[in-house]
Amino acid sequence: MKILTTVAEARAHRRAHGQVLVPTMGALHKAHAELIRVAREHAGRDGEVAVSVFVNPLQFEPGGDYERYPRPEKADEEFCRKAGVDLLFRPSVAEMYAENRSVFVEESSLSKMLEGKSRPGHFRGVCTVVAKLFHILEPEAAVFGEKDFQQLAIVRCMVRDLNFRINIIAVPTMREDDGLACSSRNQYLNGEERKQATVLFKALHAAADAGKKSAQEIVALARNVINQAPLAQVDYIEVVDTESLEPIEVVRPSSLLAIAVFFGKTRLIDNIRLG
Ligand code: PAF
């Protein structure tokens, strides 16, 4: 596995065949293994699977968890080696951002919804770093998980609107055995919070399986289940259209139930398709 840390090295790196990129912030876990597996499937044996590990300061809101975000460099490197990754791109903050940077990439519609309301500036940070990674590595395709459904939709939109010649591949959410969506932030949860966090998956399924069409009823169902966990603090529960991410009142074939819930200081998100 090749490890590159500078933009110049990445530019000089010549690949014989197409590259499929898995952009990450590190602290790699089994959901990343799945993204890497799908990347390999698309790249083929002769293609290149690249993983970027970069904790992007631009996408953390002030007072967020940027400082405490886990950075297990050695373990991530070993993880990538074992997963058969060909290229690990691991730049520093100084390598990625000039101190007087003044150009950002901003999606102006989808990013106003859901996460955007609770985390202003987050998607500007995501779009900016993803655009930079796309320019630096020039992959043929890039893989994103559906747990971050809004991020996936916004990246697709950026690729379309800015004419990146990159195929975006979506991968279904990976879950722990008890249904909790895999996330690097799960490791912040203490024992009791971790136990109670399983309520998210239960709430999504209870709401989706009830067969209701009214968003209000679906949200109420999900909220009731989540409220059974005393440590859970709901940030939002919304039924939205999968394309526009606008809230909808009546479920139709392309609808999504999206939730964000705090357990202590840890904010977890998850979603399920409806209809
Ligand atoms: O999903 C993530 O881990 C990050 O938002 C991403 C896409 C790597 C950009 O920093």
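On the basis of being more than 21 Å from residue 64 (Cα to Cα), open to solvent by less than 20 Å² (accessible area, probe 1.4 Å) and either more than 14 Å from the ligand (Cβ to nearest atom) or under 16 Å from the mean Cα position of the chain (by Cα) (or both), does residue 152 make the cut? Quick ask: steps written out before the conclusion?
Values: more than 21 Å from residue 64 (Cα to Cα): yes; open to solvent by less than 20 Å² (accessible area, probe 1.4 Å): yes; either more than 14 Å from the ligand (Cβ to nearest atom) or under 16 Å from the mean Cα position of the chain (by Cα) (or both): yes.
When the stated conditions are applied, residue 152 passes them.
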* **Every pair of residues 6+ apart whose Cβ atoms lie under 7 Å, when the first sits in the range 83-98 and is on the phi > 0 side of the Ramachandran plot while the second is of a type outside the set (A, V, I, L, M)** => 84/40
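Residue by residue through the range 19-46, note down the ones that are part of a loop (DSSP other than H, G, I, E, B) and within 23 Å of the chain's Cα centre (by Cα). Break it down into steps so the answer makes sense when it comes.
Narrowing the range 19-46 to residues part of a loop (DSSP other than H, G, I, E, B): 25-29, 44-46.
Scanning the range 19-46 gives 25, 26, 27, 28, 29.
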* To do: Determine whether the range 104-118 contains at least one residue that is within 12 Å of the ligand (Cβ to nearest atom) and within 19 Å of residue 185 (Cβ to Cβ).
  => yes
* Just give me the residues in the range 174-226 being in a strand (DSSP E or B) and not aliphatic (A, V, I, L, M), in sequence order. => 175, 214
* Report the residue count in the range 6-28 for those that are surrounded by fewer than 16 Cβ atoms within 10 Å (Cβ to Cβ) and over 14 Å from residue 86 (Cα atoms). => 5
* **Of all residues in the range 118-128 being assigned to a helix (DSSP H, G or I) and open to solvent by less than 60 Å² (accessible area, probe 1.4 Å), the one that is farthest from residue 52 (Cα to Cα)** => 118
* To do: From the list 72, 57, 23, pick out the single residue that is over 22 Å from residue 141 (Cβ atoms), in contact with a Leu (Cβ under 9 Å, 6 or more places away or on another chain) and within 16 Å of the ligand (Cβ to nearest atom).
  => 72
* Those residues of the range 86-117 which are of a type in the set (Phe, Trp, Tyr) and either open to solvent by 20 Å² or more (accessible area, probe 1.4 Å) or not in a loop (DSSP other than H, G, I, E, B) (or both), in sequence order -> 89, 104
* Kindly indicate which of 240, 234, 171 is in contact (Cβ under 8 Å) with a residue 24 or more places away in the chain, of a type in the set (A, V, I, L, M, F, W, C) and more than 24 Å from residue 121 (Cβ to Cβ). => 171
* Does residue 195 count as open to solvent by 60 Å² or more (accessible area, probe 1.4 Å), among the charged types (D, E, K, R) and in contact (Cβ under 8 Å) with a residue 12 or more places away in the chain? -> no
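Answer yes if at least one residue in the range 185-197 is within 14 Å of the ligand (Cβ to nearest atom) and closer than 16 Å to residue 25 by Cβ, and no otherwise.
For the range 185-197, residues within 14 Å of the ligand (Cβ to nearest atom) and closer than 16 Å to residue 25 by Cβ: present.
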* Structure fact -> Out of (1) within 13 Å of the ligand (Cβ to nearest atom); (2) in contact with a strand residue (DSSP E or B) (Cβ under 9 Å, 6 or more places away or on another chain), the one residue 83 does not meet is (1)
* Looking only at the range 47-85, which residues are part of a loop (DSSP other than H, G, I, E, B) and closer than 16 Å to residue 33 by Cβ? -> 72, 83, 84, 85
* Do you know which residues across the range 133-149 are more than 10 Å from the ligand (Cβ to nearest atom) and assigned to a helix (DSSP H, G or I)? -> 134, 135, 136, 137, 146, 149
* Please enumerate the residues belonging to the range 243-265 that are farther than 26 Å from residue 156 by Cβ and in contact (Cβ under 8 Å) with a residue 60 or more places away in the chain. => 263, 264, 265
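The values are calculated or read from the model by the stated rules, or taken from the named source; none is laboratory data. Only a predicted model underlies this, so the values are computations on that prediction, with no experimental measurement involved. So basically every Cβ, Gly included, is an ideal-geometry build from the backbone, and we count neighbours across all protein chains shown. Ligands, DNA and RNA are stripped out before the accessible areas are found, and what is left, the full protein with its side chains, is counted by its heavy atoms. Shrake-Rupley method; radii C 1.70, N 1.55, O 1.52, S 1.80 Å.
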